[in-house]
Amino acid sequence: MSAGVASAPQGTDFDPEALRGFLAGFLGRPVPELSLRATDGGMSNPTYFVEAGDWRAVLRKKPQGRLAKSAHAIDREYRVMTALAQSDVPVPELYHYHEDEGLLGTPFYLMERLDGRVFTEYAAPGVTAPERAAMYASMCETMARIHRLDFAAAGLGDYGRPGNYFSRQISRWSQLWQQYRKGDGDNPDLDAMIAWLDARIPDSELLSLCHGDFRIGNMMFHPTEPRVIGVLDWELSTLGHPLVDVAFNTQAWHMAPDENGGLLGLDLGGLGIPDEAPYLESYYAAAGSTERMTDFHRVFAMFRAAVGSAGVAVRGELGNSTLPDSARVGHRLARAYAMRGMQIARRTA
């Protein structure tokens, strides 16, 4: 390999020279210069833009350090996006999965770097109201495509465990919360949500591929057109109940703008954004849904988001995050999600 420069942002948890050596073999040519840049997202799994000359990619890896069991499942991300490559669900092209931890300290994969727009706020600043309306229609249709997918034909028939999805998920995420919490007085709303959910688990046989974190920040829109060109961050994907994705996607209508970019209190009509009810009806029609979302699904999504945010905070405190402010942000969002979840629970108590 030719001598050159490998640059990486501060806090990168691996040796960029190791990656440069790997890429020389992978690409079949010298890599005289390698540039890495951390993405704005990726609080759970460190994610980097990679440039080696005119070759570009996205690298996504597990974080270093002690990790919760079954968390940071980048192997599942790689598998599901590979399976979706021939479907009508838009995903980036997958290049390579590297299981050996010896190279970068943890497993990683490389995928296509799409050119487009990512919005961290549901208000999608910088676009016109008609464009925003079309973007929401595309987001809704994309979610329905995931749930309409014949997952068995796509090779994902074993992508989830049998049994009641909600019982298993509440148990799993409650155990995670016990790992993350600082004591019995830490986020009592989150504890209250668990008790509320345990008493109301629905009996439903609906099963589909679920993204697990289907929010606007995990979608890339075309650079100039109001349509989704890529669904990202499949770490929490599984076979499960499709209304969980719907509840995650519609959390925005129940969260404030400073709570992960929510819509609560904004002039939706002026923005070109539909109210929650007509948005849901559009989804039901596109997905052919036989069930309707309830407050159980909404509270469940808030519960999962609160525990996930608490995990982000813990990783920030341990120094296992690429985002310097993740500890504070994670704690704040964990409390916000739990508060909003209990507001919904109390109206149906």
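The values are calculated or read from the model by the stated rules, or taken from the named source; none is laboratory data. Note that the coordinates shown come from a computational prediction; the quantities given were computed from them, not determined experimentally. Because the Cβ atoms are built from the backbone with ideal geometry, glycine has one as well, and the counts that use them run over all protein chains shown. The protein model used for the area step is the full one, side chains on, heavy atoms only, and it has no ligands, DNA or RNA in it. Shrake-Rupley method; radii C 1.70, N 1.55, O 1.52, S 1.80 Å.
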Subject >> Criterion violated by Ser237 - all others in (1) buried (at least 22 other Cβ atoms within 10 Å of the Cβ); (2) among the small types (Gly, Ala, Ser); (3) within 20 Å of Met339 (Cβ to Cβ) satisfied >> reply: (3)
Original post:
How many residues are touching a residue at least 40 places away in the same chain (Cβ under 8 Å) and part of a helix (DSSP H, G or I) if we restrict to the stretch 237-266?
Top reply: 12
Original post:
Among all residue pairs at least 6 apart or on different chains, which show Cβ distances below 9 Å where the first residue, located in the stretch 307-329, is modelled with pLDDT under 90 and the second is assigned to a loop (DSSP other than H, G, I, E, B) and of a type in the set (Lys, Arg)?
Top reply: Leu318/Arg66; Asn320/Arg66
Subject >> For Lys69: the one exception among (1) within 28 Å of Ala154 (Cβ to Cβ); (2) part of a loop (DSSP other than H, G, I, E, B); (3) modelled with pLDDT of 95 or more; (4) not hydrophobic (A, V, I, L, M, F, W, C) >> reply: (3)
Original post:
What do you reckon, is Ala285 in contact with an Asp or Glu (Cβ under 9 Å, 6 or more places away or on another chain) and assigned to a helix (DSSP H, G or I)?
Top reply: no
Subject >> Of the criteria (1) closer than 30 Å to Val118 by Cβ; (2) out of contact with any Asp or Glu (no Cβ under 7 Å at 6 or more places or on another chain), which one His211 fails >> reply: (2)
Subject >> Residues satisfying the stated conditions in the stretch 1-16, i.e. in a strand (DSSP E or B) and either surrounded by 15 or more Cβ atoms within 10 Å (Cβ to Cβ) or modelled with pLDDT of 75 or more (or both) >> reply: Ala6
**OP:** Just need a number here: residues in the stretch 107-144 that are closer than 17 Å to Pro242 by Cα and either under 17 Å from the mean Cα position of the chain (by Cα) or open to solvent by less than 20 Å² (accessible area, probe 1.4 Å) (or both).
**Re:** 5
Original post:
Are there any pairs with C-beta distances below 9 angstrom linking a residue in the stretch 212-236 that is polar (S, T, N, Q) to a residue that is surrounded by 22 or more Cβ atoms within 10 Å (Cβ to Cβ) and in a strand (DSSP E or B), with the two at least 6 apart or on different chains, and if so which?
Top reply: Asn218/Val231
Subject >> Restricting the stretch 162-202 to residues that are over 25 Å from Arg79 (Cα atoms) and β-branched (Val, Ile, Thr), the residue that is least open to solvent (accessible area, probe 1.4 Å) >> reply: Ile194
**OP:** Answer yes or no as to whether Glu225 is of a type in the set (Asp, Glu), open to solvent by 20 Å² or more (accessible area, probe 1.4 Å) and either in contact with a Leu (Cβ under 9 Å, 6 or more places away or on another chain) or at pLDDT below 95 (or both).
**Re:** no
Original post:
Counting only residues that are open to solvent by 50 Å² or more (accessible area, probe 1.4 Å) and either under 29 Å from Ile216 (Cα atoms) or among the charged types (D, E, K, R) (or both), how many does the stretch 23-48 have?
Top reply: 5
Subject >> Single condition Asp267 does not satisfy, out of (1) of a type outside the set (Gly, Ala, Ser); (2) out of contact with any Phe, Trp or Tyr (no Cβ under 6 Å at 6 or more places or on another chain); (3) under 27 Å from Asp88 (Cα atoms) >> reply: (3)
**OP:** Would you check if Leu104 is open to solvent by less than 20 Å² (accessible area, probe 1.4 Å) and at pLDDT below 95?
**Re:** yes
Original post:
What pairs can you find where one residue is in the stretch 149-161 and open to solvent by 40 Å² or more (accessible area, probe 1.4 Å) and at pLDDT 95 or above, the other is of a type in the set (S, T, N, Q) and part of a loop (DSSP other than H, G, I, E, B), and their Cβ atoms are less than 9 Å apart, with a gap of 6+ or different chains?
Top reply: Asp150/Ser87
Original post:
Can you find a residue in the stretch 267-281 that is surrounded by fewer than 17 Cβ atoms within 10 Å (Cβ to Cβ) and in contact (Cβ under 8 Å) with a residue 60 or more places away in the chain?
Top reply: yes
Subject >> Which listed residue, of Leu23, Leu19, is over 16 Å from Glu112 (Cα atoms), at pLDDT 90 or above and either hydrophobic (A, V, I, L, M, F, W, C) or not in a loop (DSSP other than H, G, I, E, B) (or both) >> reply: Leu19
